[in-house]
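> I have a structure here, written as structure tokens, and I will follow up with some questions on it.
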Amino acid sequence: MIGFWTLFYKELLRFWKVAFQTVGAPVLTALLYLLIFGHVLDEHVQVHGVRYTTFLVPGLVMMQVLQNAFANSSSSLIQAKITGSIIFVLLPPIPYSAFFAAYVLAAVARGLMVGLGVLLATVWFTELKIVAPLWIFAFALFGGGLFAALGMIAGIWSEKFDQLAAFQNFLIMPLTMLSGVFYSIYTLPEFWQRLSHYNPVFYMIDGFRYGFFGVSDVAPEISLTVVVACFAVVFALTLSLLKRGWKLRA
Amino acid sequence: MVAAVSIIDVVKHFGSLKALAGVSLEIEQGGFFGLLGPNGAGKTTLISSLAGLLRPDSGSLKVMGHDVVKDFREARRLLGVVPQELVFDPFFNVRETLRIQSGYFGIRKNDDWIDEILENLDLTSKAEVNMRRLSGGMKRRVLVAQALVHKPPVIVLDEPTAGVDVELRQGLWQFVRRLNGEGHTIILTTHYLEEAEALCGRIALMKQGRVIALDTTANLMAAHPGGTLEDVFVRTMNQ
Ligand SMILES: Nc1ncnc2c1ncn2[C@@H]1O[C@H](COP(=O)(O)OP(=O)(O)OP(=O)(O)O)[C@@H](O)[C@H]1O
Ligand SMILES: [Mg+2]
């Protein structure tokens, strides 16, 4: 257990020592989205019976939770691989499960911190209420965990920063942008609606939003089932890759 | 008594290159062992396989009787490795680095031993300095310190004196000799053959992924009377 706590603590320190970039910057990005889209659309659009800016906030929060969880585990691993300092965690007798848990939980912690930062920064100019905090927490936790685990896979797989960037630009960004962060999928044409149902991120955003409004496109129980199932699959995959020493102990 | 290190028929390819072509070695506990050979002979590859950083294609490696794959946790706990490459984590200072490394090995309060290591490696005054601000030789000393935080019975040093000044080199050898005297098994690679001659009780000479000579230092020297270890090395390599 000490091995786990040390690695977890080290991973927390790693981003906390540069919190200005790792937490501050994504909060600012989310605020800019909100100011610009909110300014343009707030007067004209209502979704789920709330003003557009208010509708947008939970989606933006969740998007930042996911993207930052992914960014944390992936960048930590690729940096360690490129500088060679990865050996400091490969030489000690840390069990795979502890290795996994430390990277994922630290990445989720960063995601939650950014998410909380966005929320705190936006409460001033929206009428956001929290209807069901447990749902909010559950979706943030499992969604963040899923993206943190994906980040581990991406970080271990990539040999260069541009490969990691490709993973981010061609998989993570489209999945999060086309998930209903900026709209309710019922405003989409039939085909895109159906396609959205194959995107796990859609369920994360939708379920997360349910916690604020008590209204969602899909029942939150179903969404959570989908998210937990996806997490379980990626969890099992990551663990088996770690156990085989895939790419790390070639 | 179980061997400190036991290596049986280890083969490792990198693509079509045969980096290890069937290496077998046994190193007894308490020994001071030299692993010598020209650049590219396979020394680091063998050490990485022993440390579990590489998976060999075939063969088996054990540390104090524990298989490095099947029983990796025990094997890694018993092994300390000073890597050849000068690597460091730029986020931390020297003491943080050593505390974190202790934690990875499951040790919580290790400051007494850390202080002792720092003292012996002449790093005490640099304890609170960030890794980025250290000179190359100092970074190398921290690597040595990191390998020792968990007092491993088997210590592998992959060219620990490359780029290290004379004074520290002597200090380092004094420290390593002391550890050896206390029962730690030492495995050393170096291109400074006088060092190997002075320190190692037994030596393996490697060439192109094979062990081509393996004996006590005294016997190796006796086979080429009047020469230094360097003469022995050159003649063996050209055979
Ligand atoms: N990761 C790798 N990928 C491909 N080839 C490698 C890799 N690591 C080592 N090699 C090759 O394997 C051979 C053995 O390398 P190794 O690093 O074990 O040599 P060495 O005996 O430690 O040499 P040196 O004295 O220069 O440190 C070399 O030909 C090297 O190019
Ligand atoms: Mg080498």
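The values are calculated or read from the model by the stated rules, or taken from the named source; none is laboratory data. Note that the structure is predicted; figures quoted are calculated from it, not measured. All Cβ positions, even for glycine, are placed from backbone atoms using ideal geometry, and neighbour counts span all protein chains on display. Each accessible area value is taken on the protein alone, full model and side chains, heavy atoms only, with ligands, DNA and RNA left out. Shrake-Rupley method; radii C 1.70, N 1.55, O 1.52, S 1.80 Å.
> List every residue pair whose Cβ atoms sit under 8 Å apart, with the two residues 6 or more apart in sequence or on different chains, where the first one lies in segment A:137-149 and is closer than 19 Å to A:Val118 by Cβ and the second, anywhere, is open to solvent by 20 Å² or more (accessible area, probe 1.4 Å) and not in a helix (DSSP H, G or I).
none
> Right, another one. Given the conditions (1) at the interface with chain A (Cβ under 9 Å from one of its Cβ atoms); (2) under 21 Å from A:Arg14 (Cβ atoms), report the number of the one that B:Met131 does not fulfil.
Against the list (1) at the interface with chain A (Cβ under 9 Å from one of its Cβ atoms); (2) under 21 Å from A:Arg14 (Cβ atoms), B:Met131 comes up short only on (1).
> Then there's this: Being under 30 Å from A:Leu12 (Cβ atoms) and without any contact (Cβ under 8 Å) to a residue 60 or more places away in the chain narrows it down to one of A:Asn169, A:Asn199, so name that one.
The unique qualifying residue is A:Asn169.
Okay, residues lined up against (1) within 7 Å of ligand 1 (Cβ to nearest atom); (2) among the hydroxyl-bearing types (Ser, Thr, Tyr); (3) outside any loop (DSSP other than H, G, I, E, B); (4) at pLDDT 95 or above:
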{"residue": "B:Met1", "(1), (2), (3), (4)": "no, no, no, no"}
{"residue": "B:Lys12", "(1), (2), (3), (4)": "no, no, yes, yes"}
{"residue": "B:Gly22", "(1), (2), (3), (4)": "no, no, yes, yes"}
{"residue": "B:Gln29", "(1), (2), (3), (4)": "no, no, no, yes"}
{"residue": "B:Phe33", "(1), (2), (3), (4)": "no, no, yes, yes"}
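> If a residue has to be in a strand (DSSP E or B) and either over 30 Å from B:Pro56 (Cα atoms) or open to solvent by less than 70 Å² (accessible area, probe 1.4 Å) (or both) to count, how many in segment B:185-211 make the cut?
Count: 12.
> Still on this structure, please answer the following. Out of A:Gly84, A:Gly49, A:Gly3, I need the residue that is within 14 Å of chain B (Cβ to nearest Cβ) and at positive phi. Which one?
Answer to the check: A:Gly84.
> Evaluate segment A:19-34: report whether one residue or more is part of a helix (DSSP H, G or I), within 14 Å of another protein chain (Cβ to nearest Cβ) and of a type outside the set (S, T, N, Q).
Within segment A:19-34, one or more residues are part of a helix (DSSP H, G or I), within 14 Å of another protein chain (Cβ to nearest Cβ) and of a type outside the set (S, T, N, Q).
> While we're here: So which residues in segment B:130-160 are on the phi > 0 side of the Ramachandran plot and over 12 Å from the mean Cα position of the chain (by Cα), if there are any at all?
Answer for segment B:130-160, where residues must be on the phi > 0 side of the Ramachandran plot and over 12 Å from the mean Cα position of the chain (by Cα): just B:Lys151.
> If you check B:Leu118 against the conditions, is it within 16 Å of ligand 1 (Cβ to nearest atom) and not in a loop (DSSP other than H, G, I, E, B)?
Here the answer is no, as B:Leu118 does not meet what is asked.
> Among the residues that make up segment B:218-237, is at least one of them touching a strand residue (DSSP E or B) at 6+ places or on another chain (Cβ under 9 Å), under 30 Å from B:Glu116 (Cβ atoms), touching a residue at least 40 places away in the same chain (Cβ under 8 Å) and of a type outside the set (Gly, Ala, Ser)?
No: zero hits.
> Sticking with this one: How about segment A:90-116: which of its residues are within 16 Å of B:Val68 (Cα to Cα) and hydrophobic (A, V, I, L, M, F, W, C)?
A:Leu90, A:Leu91, A:Ile94
> Among the residues of segment B:165-196 satisfying the criterion of being of a type in the set (Val, Ile, Thr) and within 16 Å of ligand 1 (Cβ to nearest atom), which is farthest from the other protein chains (Cβ to nearest Cβ)?
Ranking the qualifying residues of segment B:165-196, first place goes to B:Thr190.
> Considering only residues that are open to solvent by 20 Å² or more (accessible area, probe 1.4 Å) and not in a loop (DSSP other than H, G, I, E, B), which ones fall in segment A:118-137?
Answer for segment A:118-137, where residues must be open to solvent by 20 Å² or more (accessible area, probe 1.4 Å) and not in a loop (DSSP other than H, G, I, E, B): A:Leu119, A:Leu120, A:Ala121, A:Val123, A:Trp124, A:Phe125, A:Pro133, A:Leu134, A:Trp135, A:Ile136, A:Phe137.
> Of all residues in segment B:91-103, how many are modelled with pLDDT of 95 or more, closer than 20 Å to B:Arg140 by Cβ and within 7 Å of chain A (Cβ to nearest Cβ)?
Residues in segment B:91-103 being modelled with pLDDT of 95 or more, closer than 20 Å to B:Arg140 by Cβ and within 7 Å of chain A (Cβ to nearest Cβ): 2 in total.
> A further question follows. Does segment B:52-62 contain any residue that is open to solvent by 10 Å² or more (accessible area, probe 1.4 Å), in contact (Cβ under 8 Å) with a residue 12 or more places away in the chain, assigned to a helix (DSSP H, G or I) and within 14 Å of chain A (Cβ to nearest Cβ)?
Within segment B:52-62, none of the residues are open to solvent by 10 Å² or more (accessible area, probe 1.4 Å), in contact (Cβ under 8 Å) with a residue 12 or more places away in the chain, assigned to a helix (DSSP H, G or I) and within 14 Å of chain A (Cβ to nearest Cβ).
> So which residues in segment B:63-90 are free of Cβ contacts under 8 Å to residues at least 12 places away in the same chain and facing chain A (nearest Cβ under 8 Å), if there are any at all?
Matches in segment B:63-90: B:Arg73, B:Glu74, B:Glu85.
> Can you confirm whether B:Leu86 is open to solvent by 50 Å² or more (accessible area, probe 1.4 Å) and either assigned to a helix (DSSP H, G or I) or within 16 Å of ligand 1 (Cβ to nearest atom) (or both)?
yes
> Can you tell me which residue in segment B:12-69 is farthest from B:Cys200 (Cα to Cα), limited to those that are away from ligand 2 (no atom under 16 Å from the Cβ) and among the polar types (S, T, N, Q)?
Applying the filter and picking the extreme gives B:Ser16.
> I would also like to ask the following. Of all residues in segment B:145-164 being within 14 Å of another protein chain (Cβ to nearest Cβ) and within 16 Å of ligand 1 (Cβ to nearest atom), which is surrounded by the most Cβ atoms within 10 Å (Cβ to Cβ)?
B:Val156
> Out of segment A:191-230, which residues are more than 20 Å from the chain's Cα centre (by Cα) and more than 26 Å from A:Arg51 (Cβ to Cβ)?
A:Phe191, A:Arg194, A:Leu195
> Answer with yes or no whether A:Gly84 is open to solvent by less than 70 Å² (accessible area, probe 1.4 Å) and more than 22 Å from A:Tyr210 (Cβ to Cβ).
yes
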